[in-house]
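The values are calculated or read from the model by the stated rules, or taken from the named source; none is laboratory data. Model, not experiment: these values are computed from the prediction. Positions of Cβ are backbone-derived with ideal geometry, glycine not excepted, and every protein chain shown enters the neighbour counts. Accessible surface is based on the protein model in full, side chains and every heavy atom, while ligands, DNA and RNA are left aside. Shrake-Rupley method; radii C 1.70, N 1.55, O 1.52, S 1.80 Å.
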Amino acid sequence: MKWLVVGAGSAGCVVARRLVDAGHEVTLVEAGPALRPQSVPAAISGDDSFAALDEPGRTHRGLMARRTRRSNPAPYLRGRGEGGSGAVNSMVGLRGDRRLYESWGWSDADSCFERVLVPTERAIPNEVGRITRLFLDAEPRAELAPLTRRGGQRVTAAEAYLWPVLNRLTTVPDALVDRVDFDQSGAAVGVLLADGTRLDADAVVVCAGAIHTPAILLRSGLAESGVGDGLCDHPAAALTLQLKDPAGARGLTTSGLADLDPVQLLPVDHLGASNSPDLAVLLVALMRPSPGSGTVRLAADDPSVHPVVELDLLGDDTDVSRLCDGVESALELLGSPGFERAVDEVYIDDAGTTAHTLDGRAAISEWLRWRGADYVHASSSMAGALEAHGRVRAHEHLLVADASALPAIPNVNTNLPTMMLAERFVRQWVESDA
Ligand SMILES: Cc1cc2nc3c(=O)[nH]c(=O)nc-3n(C[C@H](O)[C@H](O)[C@H](O)COP(=O)(O)OP(=O)(O)OC[C@H]3O[C@@H](n4cnc5c(N)ncnc54)[C@H](O)[C@@H]3O)c2cc1C
């Protein structure tokens with residue numbers, strides 16, 4: 001059978017590889033550049049994820065999202081090119097809560113996790129940045145995070161899944177998919193690229209991520225309810241730390257975290273070369289938010305125009321209250337002697353407003369409703385439009401298997417759960433002959 005996979009990100013690489021393993025003919029089409037064994041940019045394999053984000057062509061520049069109903073749209077990061085967001089992300093690699101997966105009907109979550117080929121390892125002590133070290137000392141629940149690396153180098157899904165089979169599939173990098181092509185019965189028969197090229201297939205799997213998968217399907221004329229609805233991210237709050245002494249060389253951006261269920265605290269040791277070396281962040285993220293109510297809509301019927309993204313975070317008072325608890329814990333931690341010695345000031349925005357203004361829960365809640373941040377974990381924007389295992393309702397041979405298909409946002413960082421989903425769906429397609 002001839003399959004066409006759209007998007008070579010974390011999920012698309014899993015899908016392409018497993019279809020090749022099952023003996024299918026596969027074409028993998030990706031909007032951004034290739035990522036090949038001999039030419040991985042040092043910024044991608046290295047420690048500094050801000051450098052990876054700065055690598056030319058590796059993000060969907062110009063994409064914006066509004067976080068809360070009160071905030072203005074601001075840039076929203078998504079990876080681009082083979083490896084997708086997993087080639088530019090912060091490498092935290094967590095599997096998530098078995099009970100949550102069971103509640104989704106994923107009784108096979110363990111075996112899906114075991115099939116994921118992207119490895120994880122924890123940072124060695126001399127790689128851990130100063131703020132993370134202080135954090136590990138001050139917060140009893142803090143630990144070194146598993147990172148999607150091997151031997152200190154980032155491992156993307158492109159490396160783990162695609163590289164071993166590059167001679168057994170067709171890759172088409174630098175090719176923007178405009179829309180899916182259907183026959184008269186509504187069955188998918190291929191895709192149309194932005195340059196007008198038509199690529200035929202017996203089945204199309206859209207893995208363009210939680211923002212671009214619904215955009216492609218909306219351009220394809222899918223007006224069914226659920227396409228681009230239910231978008232979710234982990235609502236977050238960023239406390240920016242002005243350090244007394246600038247950090248040394250910019251090494252690992254993140255290497256530790258604390259699970260304070262329902263919030264996660266994540267220290268970010270530096271903010272990359274385009275920011276001052278005396279800045280760090282303590283991020284507070286709500287990992288069990290209420291169901292997503294965000295949307296992805298088309299701004300124009302033109303694949304080169306970014307969609308309109310409304311994350312609609314923190315519309316729920318319970319979410320605000322739980323994130324507020326997390327911010328209080330983080331501020332308490334920053335008041336501990338180690339942090340007091342290292343941190344000059346804590347800012348809550350880039351206009352120089354300090355955390356001293358957060359005097360009480362009412363002030364924190366108000367700040368969150370205006371300045372609530374995201375965790376770049378876009379999820380679930382197709383969940384309402386899909387049948388079991390990513391089948392698109394009313395369209396034969398059209399499937400979705402990426403973060404957009406997650407039934408809800410997982411309670412951990414979304415990269416490994418997205419690959420688990422892809423492993424799960426593709427196994428079912430192969431076993432049932434799609
Ligand atoms: C900056 C950043 C930091 C993150 N940090 C972490 C972390 O530390 N840990 C973690 O677990 N998660 C993290 N995430 C989230 C995680 O990386 C994503 O959840 C995961 O990669 C999603 O996989 P995906 O396959 O759904 O989408 P992606 O990996 O984003 O892949 C989608 C692919 O589709 C391509 N595409 C889009 N539109 C088209 C089109 N029209 N035609 C052709 N191709 C197209 C894109 O270019 C991209 O390559 C982070 C994300 C970002 C952006």
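Key figures for this structure:
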{"read-out": "Among the candidates GLY62, GLY57, residue that is small (Gly, Ala, Ser), under 15 Å from PRO173 (Cα atoms), surrounded by fewer than 24 Cβ atoms within 10 Å (Cβ to Cβ) and touching a residue at least 12 places away in the same chain (Cβ under 8 Å)", "value": "GLY57"}
{"read-out": "The listed residue being touching a residue at least 60 places away in the same chain (Cβ under 8 Å), in the same structural domain as THR213 (by TED's automatic domain parsing), away from the ligand (no atom under 16 Å from the Cβ) and not β-branched (Val, Ile, Thr), out of GLY338, GLY384", "value": "GLY384"}
{"read-out": "Selection status of SER225, assigned to a loop (DSSP other than H, G, I, E, B), of a type outside the set (Val, Ile, Thr), under 30 Å from ALA408 (Cβ atoms) and more than 14 Å from the ligand (Cβ to nearest atom)", "value": "yes"}
{"read-out": "Helices (runs of 4 or more DSSP H) enclosed by the range 1-63 - at least 3 residues per element that are of a type outside the set (Gly, Ala, Ser)", "value": "10-21, 49-54"}
{"read-out": "Residue in the range 358-367 that is in contact with a strand residue (DSSP E or B) (Cβ under 6 Å, 6 or more places away or on another chain) and buried (at least 19 other Cβ atoms within 10 Å of the Cβ) present", "value": "no"}
{"read-out": "Residues of the range 76-96 classified as part of a loop (DSSP other than H, G, I, E, B), within 6 Å of the ligand (Cβ to nearest atom) and among the aliphatic types (A, V, I, L, M), total", "value": "3"}
{"read-out": "Residue within the range 181-203 that is without any contact (Cβ under 8 Å) to a residue 24 or more places away in the chain and either assigned by TED's automatic domain parsing to the domain that holds VAL343 or among the hydrophobic types (A, V, I, L, M, F, W, C) (or both) present", "value": "yes"}
{"read-out": "Of residues in the range 254-269 being outside any strand (DSSP E or B) and touching a strand residue (DSSP E or B) at 6+ places or on another chain (Cβ under 8 Å), the one most open to solvent (accessible area, probe 1.4 Å)", "value": "PRO262"}
{"read-out": "Enumeration of residues in the range 308-336 that are open to solvent by 30 Å² or more (accessible area, probe 1.4 Å), part of a helix (DSSP H, G or I) and among the hydrophobic types (A, V, I, L, M, F, W, C)", "value": "LEU331"}
{"read-out": "Test: residue in the range 132-147 that is among the polar types (S, T, N, Q) and assigned by TED's automatic domain parsing to the domain that holds PRO267", "value": "yes"}
{"read-out": "Within the range 103-120, tally of residues that are aliphatic (A, V, I, L, M) and surrounded by fewer than 17 Cβ atoms within 10 Å (Cβ to Cβ)", "value": "1"}
{"read-out": "Qualifying residue in the range 27-34 (condition: open to solvent by 20 Å² or more (accessible area, probe 1.4 Å), over 20 Å from ASP174 (Cα atoms) and modelled with pLDDT of 95 or more)", "value": "no"}
{"read-out": "Residue tally, condition within 12 Å of the ligand (Cβ to nearest atom) and surrounded by fewer than 24 Cβ atoms within 10 Å (Cβ to Cβ), over the range 389-410", "value": "0"}
{"read-out": "Residues satisfying the stated conditions in the range 43-54, i.e. more than 16 Å from VAL268 (Cβ to Cβ) and surrounded by 22 or more Cβ atoms within 10 Å (Cβ to Cβ)", "value": "ILE44"}
{"read-out": "Yes/no for ALA203 being more than 25 Å from the chain's Cα centre (by Cα), open to solvent by less than 60 Å² (accessible area, probe 1.4 Å), within 23 Å of SER381 (Cβ to Cβ) and not hydroxyl-bearing (Ser, Thr, Tyr)", "value": "yes"}
{"read-out": "Flag for ALA109 being closer than 28 Å to PRO407 by Cβ and within 14 Å of the ligand (Cβ to nearest atom)", "value": "no"}
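Residue by residue, here is whether (1) among the hydrophobic types (A, V, I, L, M, F, W, C); (2) within 23 Å of the chain's Cα centre (by Cα) holds:
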| residue | (1), (2) |
| --- | --- |
| SER276 | no, no |
| PRO303 | no, yes |
| ASP317 | no, no |
| LEU323 | yes, yes |
| ILE348 | yes, no |
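Every residue, every condition in (1) assigned by TED's automatic domain parsing to the domain that holds VAL172; (2) more than 11 Å from the ligand (Cβ to nearest atom); (3) at negative phi; (4) not aliphatic (A, V, I, L, M), yes or no:
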{"position": "VAL14", "(1), (2), (3), (4)": "yes, no, yes, no"}
{"position": "LEU35", "(1), (2), (3), (4)": "yes, no, yes, no"}
{"position": "VAL40", "(1), (2), (3), (4)": "yes, yes, yes, no"}
{"position": "SER71", "(1), (2), (3), (4)": "yes, yes, yes, yes"}
{"position": "ARG98", "(1), (2), (3), (4)": "yes, yes, yes, yes"}
